[in-house]
Amino acid sequence: MVEFQLDTVVASGPRIMAALGLTIYISTVSMLFGLAVGLVVSLLRGSGFQPFRLLAVTYISIFRGLPLIAFLIWLYFGVTVAFNIQLSPITAGIVVLTIQSSAYLAEIYRSGMEAIPHTQRQAAVALGLSPVRVFTDVQFPQAVRIALPAIGNEYIGLVKGSALVSVLGVAELMRTSQQLVQFYQLPFEFFTTAAVLYVAVGVGLGRLFRIVEKRIRY
Amino acid sequence: MSGVVLEVNNLHKSFGSLHVLRGLNLTVRRGETVAVIGPSGKGKSTLLRCINLLEQPDEGQVIFEGTDYVPIARRRGLPLRGNPQLRQLRTHIGIVFQQFNLFPHKTAVENVMLAPMRVLGMSKNEARERSLEQLEHVGLKDKVDNHPQTLSGGQQQRVAIARALVMEPRLMLFDEITAALDPELVGEVVEEMQRLAEGGMTMVVVTHHMSFARHSSDRILFVDDGDIVEEGEPDTLFNNPKEPRTQEFLAHLLS
């Protein structure tokens, strides 16, 4: 084995860190939007109005089943052309990741909601709380606590999924690593660095979520 | 009739093919403590849950302070969905459940504060003050910031009582509230019910605690197979039950 060219990697540090920053930015923004959209989808899915439920189930089925890379390419190279839409690659990536994560998160919320004993809702209703209050004050906080590990997983999944946005030419960690490999002809060094960084972010997020879980433990 | 808080007429409720309530009639007067006894699974809890419309009766009337709420519940579909008039009713009727059903993500005082803030629109400070008062009444002054999981069953049940009382209900329903407790914790919870009964609260108490029924209630209903088999004053019912089923039930308890 040849010597690991750490110096070259270190020299490219600023560029790699900027790329890592973009990776975290894309996945975090997608996560935040995904949490919001997922909540809406989950509420529609649990609504008493059949067409809403059908809409939500269809949404979840489609976007959970669509491969991320197929969705990215379809949106960025297909839809934008067909409808003459101007979309930056980063925005396209965020849109795709948001939609996909919202489909997963809708189901994650639902699993959390279903894990709450129905007697909780009963007790809240018996106190005279409105359905909205029952949800915001009694069900949702408990559901989030239950779903937190799964939500953490989804966030880590998004960080990894964001690597696919490289196919649109976004200079996130994966794409940047490929460019550095081509320039320096050091595939092992730069791909290893990328791998280590992805794992590090995953470990960091795992820690973060455990801290949050402990903090809101009751 | 003056002084009548609750009137239940010809109440029917089925779950599938199981006919749980079969034309039950009941009148509760202001300040009265009515104990409901009888074998398990024969409609006692369902009766309470029909009174505050947590269950929708199939037939009959539930008249609280002059208003029949059964048609109101029927008009707006499922009883657990939003219905302002039923919400209003529930602010006047407190219920305590066998399994406490406290909110695990809230402390004792937060459990009690929730409805005053969210239903009555009280400010946080006022709700907290009143809640602390209630918790003090049930002897939990030093546990107000505990989460339910760190409290004993008896303490949790007393929080649940405070949570219902803070709404200043005009009728209290108790659904076998000592049944899930360890024997040594039953006393402290029964004491709270006795305190309320003596204080003039109108209450319907489903219970297996015969000593409470006998000594603290004004009237006892023996319910079996979805209807009242016999009712009477505690001494009469315990000493001279007329119906064979009542005699059998009481004899079984004493053996």
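The values are calculated or read from the model by the stated rules, or taken from the named source; none is laboratory data. Please read all numbers here as calculations on a predicted model, not as lab measurements. Reconstructed Cβ throughout: ideal geometry from the backbone, glycine too, with neighbour counts over all protein chains shown.
Here are a few things to note about the model shown:
- Yes/no for residue A:93 being away from chain B (no Cβ under 14 Å) and either part of a helix (DSSP H, G or I) or surrounded by 17 or more Cβ atoms within 10 Å (Cβ to Cβ) (or both): yes
- The criterion of at least 3 residues that are touching a Gly at 6+ places or on another chain (Cβ under 8 Å) and under 29 Å from residue B:59 (Cα atoms) is met by the following strands (runs of 3 or more DSSP E) wholly inside region B:170-255: B:171-175, B:219-224.
- Conditions (1) exposed (fewer than 14 other Cβ atoms within 10 Å of the Cβ); (2) of a type outside the set (Val, Ile, Thr); (3) closer than 19 Å to residue B:95 by Cα: number failed by residue B:15: (3)
- Complete set of residues in region A:144-158 that are more than 21 Å from residue A:26 (Cβ to Cβ) and of a type in the set (D, E, K, R): A:145
- Subset of region A:67-90 that is within 19 Å of residue A:104 (Cβ to Cβ) and touching a residue at least 60 places away in the same chain (Cβ under 8 Å) - its residue that is surrounded by the fewest Cβ atoms within 10 Å (Cβ to Cβ): A:69
- Output for region A:104-138, where each listed residue is under 30 Å from residue A:65 (Cβ atoms), among the small types (Gly, Ala, Ser) and surrounded by fewer than 20 Cβ atoms within 10 Å (Cβ to Cβ): A:111, A:115
- Of all residues making up region A:31-51, the number that are of a type in the set (Gly, Ala, Ser) and outside any helix (DSSP H, G or I): 3
- Tally of residues being under 14 Å from residue B:162 (Cα atoms) and more than 9 Å from chain A (Cβ to nearest Cβ) across region B:86-139: 21
- The requirement of being within 14 Å of the chain's Cα centre (by Cα), surrounded by fewer than 19 Cβ atoms within 10 Å (Cβ to Cβ) and free of Cβ contacts under 8 Å to residues at least 60 places away in the same chain is fulfilled nowhere in region B:195-214; no residue meets it.
One line per residue, one yes/no per condition, for (1) closer than 27 Å to residue B:43 by Cβ; (2) more than 14 Å from chain A (Cβ to nearest Cβ):
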{"position": "B:163", "(1), (2)": "yes, no"}
{"position": "B:169", "(1), (2)": "yes, no"}
{"position": "B:175", "(1), (2)": "yes, no"}
{"position": "B:178", "(1), (2)": "yes, yes"}
{"position": "B:181", "(1), (2)": "yes, yes"}
{"position": "B:184", "(1), (2)": "no, yes"}
{"position": "B:187", "(1), (2)": "no, yes"}
{"position": "B:198", "(1), (2)": "no, yes"}
{"position": "B:203", "(1), (2)": "yes, yes"}
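- Within region B:150-166, the set of residues being crowded, with 22+ Cβ neighbours inside 10 Å and part of a loop (DSSP other than H, G, I, E, B) comprises B:166 only.
- Listed by position, the helices (runs of 4 or more DSSP H) inside region A:113-218 whose residues that are under 19 Å from residue A:46 (Cβ atoms) and either under 15 Å from the mean Cα position of the chain (by Cα) or modelled with pLDDT under 95 (or both) number at least 1 are A:118-126, A:140-161.
- Cross-chain or 6+ apart pairs with Cβ under 6 Å, region A:126-145 first and facing another protein chain (nearest Cβ under 7 Å) and at positive phi, then β-branched (Val, Ile, Thr) and not in a helix (DSSP H, G or I): A:128/B:119
Listed here are the residues, each with its yes/no results for (1) surrounded by 18 or more Cβ atoms within 10 Å (Cβ to Cβ); (2) not polar (S, T, N, Q).
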{"position": "B:230", "(1), (2)": "yes, yes"}
{"position": "B:236", "(1), (2)": "no, no"}
{"position": "B:247", "(1), (2)": "no, no"}
{"position": "B:251", "(1), (2)": "no, yes"}
{"position": "B:255", "(1), (2)": "no, no"}
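- Unique match (being closer than 30 Å to residue B:245 by Cα and hydrophobic (A, V, I, L, M, F, W, C)) among B:86, B:47, B:102: B:47
- Residue count, region B:23-39 (criterion: farther than 27 Å from residue B:195 by Cβ and surrounded by fewer than 15 Cβ atoms within 10 Å (Cβ to Cβ)): 2
Yes/no matrix, rows are residues, columns are (1) surrounded by 21 or more Cβ atoms within 10 Å (Cβ to Cβ); (2) away from chain B (no Cβ under 14 Å); (3) without any contact (Cβ under 8 Å) to a residue 60 or more places away in the chain; (4) of a type in the set (Lys, Arg):
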{"position": "A:5", "(1), (2), (3), (4)": "no, yes, no, no"}
{"position": "A:15", "(1), (2), (3), (4)": "no, yes, no, yes"}
{"position": "A:29", "(1), (2), (3), (4)": "no, yes, no, no"}
{"position": "A:52", "(1), (2), (3), (4)": "no, yes, yes, no"}
{"position": "A:65", "(1), (2), (3), (4)": "no, yes, yes, no"}
{"position": "A:102", "(1), (2), (3), (4)": "yes, yes, no, no"}
